[in-house]
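**Q** First the structure, which I've put down as C-alpha cells, then a few questions once you've had a look.
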Amino acid sequence: MATKYNKVKQAIKSSILDGTFQPHQKINSESELMKQFDVSRHTVRLAIGDLVTQGWLYRKQGAGTFCSEKTDETIQQVGLNQKNIAIVATYISDYIFPSIIRGAESYLSKQGYHVSLFSTNNDHEIEKKVLEKILTQQYDGVIVEPTKSAVHNPNINYYLNLERLNIPYIMINAYYDELEPLSIVVDDEKGGYLQTEHLIELGHTNIVGIFKSDDIQGSKRMKGYVKAHRHHQVAIKPNNIITYDSKEKATKPVNDLYNILTNSIEVPTAIVCYNDELAIKLLDVLREKNLQVPEDISVVGYDDSFLANVSEVKLTTVDHPKSDMGIKAAEVILELIHQQQGERQNKRDKVTSVVFDPKLVIRSSTQSVSNKIVNQELLFE
C-alpha cells in the first residue's frame, strides 16, 4: 500500500518538476491515475491529498485538481538569506573532476556563495533525482556536467523547467546539443586531432583509436582522429577504431585491444586513447603482450591528469584546463545570476560560451617509427 501510494505521489511530483504540468493546469483525473498506476481510488486520493497539503496541488470544487504555483511551501530552504549554487558532476572524487570542482567552489565561496555538490555517476536516473532535488530547493544557479551527453537524454524537460523558472544553468566539459546551452568546454575535436597528428608526424600509420561513445567528448575526439588521418592522407585500418560506453569501460577497450594485438597480421604501432585513465589501464594489456612503450608501441592520452606522471611511462597527452575550467564556469554562472537579478547595468554585454584551446604535452610514451626500427636492428646485431 505504502509503495503504491508513494509511486503515484512521486510520479505526479516528477510531472510537476519536469514541466509536464504547468501552474494552474489540471492534472489527470482520479480514474485516469487509477488506470495509469493500477491502484485503487483510495490510494490515488491519499497521494493527491498529501500533495495538496504540501502545496504542490490545489482542488477546485467540481472542476478537478490543479498544479500550484511554486511557493515557499514547495521549496525547501537550502539556507535562509544564503546565496546557493548547485554543481552537478558525473563523478565528484575521481580523476580530474576534483580539480574542476575545487576551482569552481573556491571562486564561488570567495563571492559569498554556498556550493552544494551532486554526483550523477553518469546515470540518467540519478541525474533525474538530482534535478528534482534542485528544483525543490532554492538555488540561484546550476553548473552541470552532462550525463551521457552524446545520447538522447530523457531529462531534457527538467532543464526546460529550470529555464521557465528563470534559474540560470551552464554546462561544463560537454553539453546537450538539443538545448544549445551556454557551456565551458575544451575543443575536443582539435584535441583528438593533435593526439593523432603527433603520431602521424612520428611516422605511424597503423594507429588504433579508442573512444567513449556515449559522451560528446569521445565523439569529438574520434572526429579529430579521423580528420588527422584525412588531412595527412593516411588510411584508417577497418578494425582500428574501438568504441565503448559507460557500462563497457571496464572491459571492452581492454578486450578489443587484446584481440587486435593478438589477431592482426600487422600489429599497430600506436594508440590514441580517450583519456589518461584508459591509457594507464591499457599498459597492462601491452605488458601482457610483451610490448614496451614507446619502443614497440606509442601511446597518447588525454587530459594531462595526475595519472600521466605516476606510471613507469610518462604519458604524452593533451592538456585539460581543470581548475581554470571550474573558475571560468563560476564566473559565467555568476554573470548570468547578476543579469537575472538586474545587477548589471549594461545588459548588452552578452554572456557567451567558452572553448578552451587544447595543447599537446609531449613526454616519453611516444617515439618515431624510425627509432623503433633502429631499436629492432640493434636487438638482432
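The values are calculated or read from the model by the stated rules, or taken from the named source; none is laboratory data. Keep in mind that this is a model prediction, so the values were computed, not measured. Cβ: placed from backbone, ideal geometry, glycine included. Neighbour counts: every protein chain shown.
**Q** Considering only segment 28-109, give the strands (runs of 3 or more DSSP E) lying wholly within it that have at least 1 residues that are under 21 Å from residue 138 (Cβ atoms), modelled with pLDDT of 90 or more and outside the structural domain of residue 6 (by TED's automatic domain parsing).
**A** 83-89
**Q** Working carefully through the options 147, 196, find the one that is β-branched (Val, Ile, Thr), closer than 22 Å to residue 98 by Cβ and at pLDDT 95 or above. Talk me through it step by step, then tell me what you get.
**A** Numbers: 196 fails: closer than 22 Å to residue 98 by Cβ.
Of the residues listed, the single one that is β-branched (Val, Ile, Thr), closer than 22 Å to residue 98 by Cβ and at pLDDT 95 or above is 147.
**Q** Follow-up question, since we're still on this one. Kindly list, by first and then second residue, each pair from a residue in segment 98-112 that is within 13 Å of residue 323 (Cβ to Cβ) to a residue that is of a type in the set (Ser, Thr, Tyr) and in a helix (DSSP H, G or I), limited to pairs with Cβ atoms under 9 Å and residues at least 6 apart or on different chains.
**A** 99/323; 100/323; 102/323; 103/323; 104/323; 106/323
**Q** Tell me, please, whether a residue that is surrounded by fewer than 20 Cβ atoms within 10 Å (Cβ to Cβ), more than 17 Å from the chain's Cα centre (by Cα) and in a helix (DSSP H, G or I) can be found in segment 179-188.
**A** No, every residue in segment 179-188 fails to be surrounded by fewer than 20 Cβ atoms within 10 Å (Cβ to Cβ), more than 17 Å from the chain's Cα centre (by Cα) and in a helix (DSSP H, G or I).
**Q** Can you name the condition, by its number, that residue 262 falls short on among (1) assigned to a helix (DSSP H, G or I); (2) of a type in the set (Ser, Thr, Tyr); (3) buried (at least 16 other Cβ atoms within 10 Å of the Cβ); (4) without any contact (Cβ under 8 Å) to a residue 60 or more places away in the chain?
**A** Failed condition: (3).
**Q** In addition: In this structure, is residue 160 surrounded by 20 or more Cβ atoms within 10 Å (Cβ to Cβ) and not basic (Lys, Arg)?
**A** Numbers: surrounded by 20 or more Cβ atoms within 10 Å (Cβ to Cβ): no; not basic (Lys, Arg): yes.
So residue 160 does not fit the description; no.
**Q** Still on this model: Do we find that residue 247 is within 20 Å of residue 271 (Cα to Cα) and either surrounded by fewer than 23 Cβ atoms within 10 Å (Cβ to Cβ) or free of Cβ contacts under 8 Å to residues at least 12 places away in the same chain (or both) in this structure?
**A** Numbers: within 20 Å of residue 271 (Cα to Cα): no; either surrounded by fewer than 23 Cβ atoms within 10 Å (Cβ to Cβ) or free of Cβ contacts under 8 Å to residues at least 12 places away in the same chain (or both): yes.
Against the criterion (within 20 Å of residue 271 (Cα to Cα) and either surrounded by fewer than 23 Cβ atoms within 10 Å (Cβ to Cβ) or free of Cβ contacts under 8 Å to residues at least 12 places away in the same chain (or both)), residue 247 does not qualify.
**Q** May I ask you to say which residue of 192, 209 is part of a helix (DSSP H, G or I), under 21 Å from residue 275 (Cα atoms) and touching a residue at least 12 places away in the same chain (Cβ under 8 Å)? Reasoning before the result, please.
**A** On the way: 209 fails: part of a helix (DSSP H, G or I).
From the options 192, 209, the qualifying one is 192.
**Q** Let me ask something additional. Please determine, by comparing only the residues of segment 214-244 that are in contact (Cβ under 8 Å) with a residue 40 or more places away in the chain and part of a loop (DSSP other than H, G, I, E, B), which one is farthest from residue 198 (Cα to Cα).
**A** Of segment 214-244, the ones in contact (Cβ under 8 Å) with a residue 40 or more places away in the chain are 214-219, 221, 225.
Restricting the remaining residues to those that are part of a loop (DSSP other than H, G, I, E, B) gives 214-215.
On the way: 214: 26, 215: 24 Å.
Once the filter is applied, the top-ranked residue is 214.
**Q** Tally the residues that are in a helix (DSSP H, G or I), under 30 Å from the mean Cα position of the chain (by Cα) and small (Gly, Ala, Ser), restricting the search to segment 1-27.
**A** 3
**Q** Just name the residue that is modelled with the highest pLDDT out of those in segment 249-259 that are outside any helix (DSSP H, G or I) and farther than 22 Å from residue 188 by Cα.
**A** Across segment 249-259, the extreme among qualifying residues is 251.
**Q** Determine whether residue 207 is over 21 Å from residue 282 (Cα atoms), assigned by TED's automatic domain parsing to the domain that holds residue 369 and surrounded by 20 or more Cβ atoms within 10 Å (Cβ to Cβ).
**A** Values: over 21 Å from residue 282 (Cα atoms): no; assigned by TED's automatic domain parsing to the domain that holds residue 369: yes; surrounded by 20 or more Cβ atoms within 10 Å (Cβ to Cβ): yes.
In short, no.
**Q** Of everything in segment 111-167, what is of a type in the set (Gly, Ala, Ser) and within 18 Å of residue 330 (Cβ to Cβ)? Give them in sequence order.
**A** Here is the first cut: in segment 111-167, the ones of a type in the set (Gly, Ala, Ser) are 112, 116, 119, 141, 149-150.
Correct list: 112, 116, 141.
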